[in-house]
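Okay, structure first, notes after.
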Amino acid sequence: MSRLSRRAFLGTSALSAAAAQSGSSPRPVGPNSRITIGMIALGARAHELLEAIKRNQGTEIVAVCDAYKGRLERAVQRTGGRAKIVADYKEILADKGVDVVTVASPDHWHKTHVVEALKAGKDVYCEKPLTYSAEEGLEILETVKQTGRLVQVGSQGMSSATQQQAREMIQSGKLGKVTMIRASYNRNTASGAWIYPIPPDASPATVNWDMFLGPAPKRAFDLARFFRWRCYKDYSGGIATDLFVHLCTTIHFLMDAKMPSSVVAMGQLYRWKESRDVPDTINAILEYPEGFTVNLSSTFNNQLAAEGSFQILGTEGSLLLGGGGFTFHPETALEDNRWIVESWPKKLEDAYYQDAKVQREELPGTRPPQVMPTVQTYRERGLESTIVHFQRFFESVRSRKPTVQDALLGHRAAACAHLINRAAETRKLVQWDSQKETIRA
Ligand SMILES: NC(=O)c1ccc[n+]([C@@H]2O[C@H](COP(=O)([O-])OP(=O)(O)OC[C@H]3O[C@@H](n4cnc5c(N)ncnc54)[C@H](O)[C@@H]3O)[C@@H](O)[C@H]2O)c1
């Protein structure tokens, strides 16, 4: 296993920024050649990414970089001692032997890591949310255009068999006209509210505080901020960028939708006041020009609605989608005007029920059996979605075909979160400029 000295860990890299930015021409990855991977940030999610990468043949993790020593040691162990630890992510970018970079740093770092990696000629797999602000998304899109490199964003749900089946069903028209979607993400535990345990060996000797802060405002060393960064606006957009991004990616995928035109939202911090400056409860309404409205809600104070659950409501049926699959419920509502016509003169009421159409549609028990409700259930099967998401990304790296969740899709999903946060903070309706792909001023 690679050993990591304190000097190498905390010291400045020997490489200058200029060397890393020099735009070394990328090594072509042939259809059968091995894809080499450098991982920037090896936190909790990146360890899951690492295991998913290992399940993809023809790939090798060659270098890892992180701001906490303990996670690097564990990562190297997970690669069987093969990955090299580097003190500065710029060393990964300057290494011509690295084809692909994964970015799983805290959100305030994503844009910098992605843009620099693209400029260094790497293809990038970046965790959601792609950005910390909508403006950052435009910079990433521009860099993709200039460099021709690939970006795949890590909202892996759309690579699950469940979401692919659900999309097929919705696109086939089985739900009729979908005009409303409800999606929620509720939790009621400290860990669900991001109050994660802090490793007992964490200290200025094992944690590189300046590396973590990067573009964020300067502050004194603070382990809570380092390990629970989602709770603070300096590094995260809270519930919207952490959870709603997944919901919006899925909705855009299922509905073939681009972006909401208008958003209103309210967010409050009701309970976990000691641990954060972001809300623990948000309700948002997103209006889509494709002809439907979305209600997003999340609270960390009750867990009745399961994690990431959706209700997609159409004129002919509803699709209830959760982690382990979905159910389709056909609409069975019968016309019923009894309480109206009972107030008419008796002979008009009697005449009303002589009408064949009324008899067919309003008299119970007369509905033909073929339209009686049948609930259809789909249970998730197949490989875990992150493994498949990487499989599809590596196929793009080899074929140079567009990725399944490219920078534009990632920018839009993250921008939904930024719209929601802007609306909640200003308590005003916020609009999207679809021409400029950014928030309307
Ligand atoms: N797709 C998903 O389902 C999913 C799930 C969890 C997290 N995520 C995303 O993954 C990202 C990481 O989240 P996490 O839960 O792993 O957080 P984490 O705090 O566990 O990991 C972040 C890691 O980044 C390191 N780090 C900080 N600054 C760095 C820098 N400048 N260079 C290198 N390393 C740096 C930290 O030391 C830490 O190990 C977030 O963007 C999060 O939204 C996605």
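Below, the figures for the structure above:
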{"read-out": "Cβ-based exposure ranking for C231, C248, in which fewest neighbours within 10 Å come first", "value": "C231, C248"}
{"read-out": "Quotient of C-alpha Rg and 2.2 N^0.38 Å, computed over region 51-133", "value": "1.07"}
{"read-out": "When the convex hull of its Cα atoms is projected in every direction, mean area for region 211-284 (nm²)", "value": "6.5 nm²"}
{"read-out": "Radius ratio Rg over Rh of region 106-169, counting only Cα atoms, Kirkwood formula for Rh", "value": "1.07"}
{"read-out": "Bins of 10 Å, starting at 0 and running to the largest distance - Cα pair percent for region 26-78", "value": "24, 51, 22, 3"}
{"read-out": "T377 versus N32: modelled label distance in nm, points set 7 Å from Cα along the beta carbon direction", "value": "4.6 nm"}
{"read-out": "Where Rh is the Kirkwood radius over Cα pairs, Rg/Rh for region 61-101", "value": "0.95"}
{"read-out": "At R0 = 60 Å, FRET efficiency that the Cβ-Cβ distance of R45 and V358 yields, to 0.05", "value": "0.55"}
{"read-out": "Rh by Kirkwood over Cα pairs, then Stokes-Einstein D for region 145-256 at 0.692 mPa s and 37 °C, µm²/s", "value": "186 µm²/s"}
{"read-out": "Estimated FRET transfer efficiency when R0 is 35 angstrom, pair Q303-R400 (beta carbons, to 0.05)", "value": "0.20"}
{"read-out": "Whole-Å semi-axes of the ellipsoid equivalent to the chain (Cα gyration tensor, √5λ, descending)", "value": "47, 24, 20"}
{"read-out": "Approximate shape of region 178-331 as ellipsoid semi-axes (Cα gyration tensor, √5λ), whole Å, largest first", "value": "35, 16, 13"}
{"read-out": "Added length on full extension, which subtracts the Cα-Cα distance from 0.36 nm per residue, T189 to Q146", "value": "11.0 nm"}
{"read-out": "Neighbour net charge for C231 - beta-carbon separation under 15 angstrom, K R +1, D E -1", "value": "+2"}
{"read-out": "Overall Cα dimensions of region 177-220, principal axis frame, Å, largest first", "value": "58, 27, 14"}
{"read-out": "Computed [θ] at 222 nm, deg cm²/dmol, the chain (DSSP H ≥ 4; -39,500 (n - 2.57); rounded to nearest 500)", "value": "-9500 deg cm²/dmol"}
{"read-out": "Ranked by how many other beta carbons lie within 10 Å on average, peptides 272-283, 101-112, 345-356 from highest", "value": "101-112, 272-283, 345-356"}
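Throughout, read-outs are computed from the coordinates displayed, never taken from laboratory work. Not measured: the values here are computed from a predicted model. Every residue, glycine as well, gets a Cβ built from its backbone with ideal geometry; the counts of neighbours run over all protein chains shown.
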